[in-house]
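The values are calculated or read from the model by the stated rules, or taken from the named source; none is laboratory data. What you see is a predicted model; the values in this text were computed from it and never measured. Positions of Cβ are backbone-derived with ideal geometry, glycine not excepted, and every protein chain shown enters the neighbour counts. Surface areas here come from the heavy atoms of the whole protein model, side chains and all, with no ligands, DNA or RNA. Shrake-Rupley method; radii C 1.70, N 1.55, O 1.52, S 1.80 Å.
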Amino acid sequence: MIRYLLFLTLMLGISFATEPSVYSAYLDSEFSEENITTQINEEINVSTSIKEPDEQLIYLNIENMPEKIYVGQVFTLTLKVTSLEKNQPYTIDLENEYNLTIMQEPNEIAPKAINYLTYVFKATSSQAKLPDFVVYYDNMPEKEYRLNGSYLKTVSLNPPKDFCGVLAKNMQLVNYQASTYTEDTNLLALQLNISYGNYDDFHLPNSNNQGIDTYSGDLNSTTLLYFAVYPLNVEKVEFTYFNLSKNRYEKFNIPIIVKRSSVSTQSNLDPQASEFTKFKIIATIFLITIWLILWLMHRGWMYPILIILAVAYLLTYLIPLKTICIKPGSTLYLLPTKQSTPVMNIYEEVEAKEMNRYGNYVKIQLQNNTIGWIKNESICTH
């Protein structure tokens, strides 16, 4: 009996001694710092994984992209913008373009569901890259939608020596005129019409003094007024451009034929007067003499009319030009236009011959034979 009680007491002691240690170990493993951190992170991950993603509200696509682009070529592409917030205005920024000039962007972007926007670029070198198109709603500038620009497949031309630098769908020579510039040079003025071309790169060969005088219109039809100064011994100018529509070079050949101004031979303002001009004066005088003799002999009504017309034609060569006074500080312009290129500044009061008038401008010839246009207010009032 005593042995039984001792055995029972021993068993109960072992049970109470080991159970707290098992419970304590369980608590230590369950609430240790490492396990608590792991459990918190798991709860955060679960919370993040079930969070709703941001809804994309703007979609961007490029359309009408040329397959091949020449270096120097002006080209267009269309950016399609799909906006789910069709009444919200948005802004488009262009970033990170490379070897590319942005020629034209849309002036205004109307807030609507789908917009087709035209951009105009010019590839300035090989390995050109389109810009990144970055779009954001004006009321949410922090949320951007981006279309990364891609590299372009550009081709370099191998142009002839007389290449004028222009690649265009079409270029037409509308008009040209040559006139005396100085005693040793002539001025060649061109009026060109360029369609979808890099008109700002236009240049003529073998002229050290040239440039754009004015330009107007849009990319579809640009009117370019260009000038170049050549020595007297240059009789013609040849240049080519690259026709993008026909994929070939086309040539222009312009003769430099100077139209002499009507001045008196006694004034000696034009020492380079051609022999052909002198011949016209002699021929006109001869015809007047013949018609006068025939009129005296036959008394016909037609001869007086012919004589009057011939005398009027002759006077355009023989009547001296009017002398006018030019104010100091006046500017002599190449052409009678608002944006015309200044030829020179006149720093002191000088006299000049008035050759023509056009609008608010007067064409004059200075004593050194330089010809140009001044504004009406540059003429002395005394």
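Counting other Cβ atoms within 10 Å of each Cβ, which trypsin sites (Lys or Arg not before Pro) in the range 331-382 have at most 16 and sit in a DSSP loop?
For trypsin sites (Lys or Arg not before Pro) across the range 331-382 that sit outside H, G, I, E and B with at most 16 neighbouring Cβ atoms in 10 Å, the list reads K338.
Test of understanding: what is the full-extension gain from Y215 to L309, defined as 0.36 nm times their sequence separation minus their Cα-Cα distance?
The Y215-L309 span can extend by a further 29.9 nm.
Would you calculate the separation in nanometres between label points at N139 and V174, each defined as 7 Å from the Cα along the Cα-to-beta-carbon direction?
4.8 nm
Determine the alpha carbon to alpha carbon distance for each of K80/K246; K129/K251; K68/K129; K122/K338; K80/K153; K161/K246 and list only those over 25 Å.
In this structure, K80/K246; K129/K251; K122/K338 exceed 25 Å between Cα atoms.
Provide H298, H203 ordered by accessible surface of protein heavy atoms (probe 1.4 Å), highest first.
H298, H203
For I109 and K251, compute 0.36 nm times the residue count separating them, minus their Cα-Cα distance, and round to one decimal in nm.
Full extension of this stretch gives 47.0 nm more.
With a cap of 16 neighbouring Cβ atoms within 10 Å, and only residues DSSP puts in a loop, list the trypsin sites (Lys or Arg not before Pro) found in the range 102-211.
For trypsin sites (Lys or Arg not before Pro) across the range 102-211 that sit outside H, G, I, E and B with at most 16 neighbouring Cβ atoms in 10 Å, the list reads K112, K143, K153, K161, K169.
Hey, what's the range 116-237 come to in accessible area per residue, 1.4 Å probe, Å²?
Accessible surface, normalised per residue, equals 49 Å².
Say each of T337 and S125 gets a label point 7 Å from the Cα, pointing the same way as Cα to Cβ; how far apart are those two points in nm?
Placing both labels 7 Å along Cα→Cβ, they lie 3.2 nm apart.
Compute the distance in nm between two label points, each set 7 Å from the Cα along the Cα-to-Cβ direction, one at D162 and one at L60.
That separation, rounded to one decimal, is 4.6 nm.
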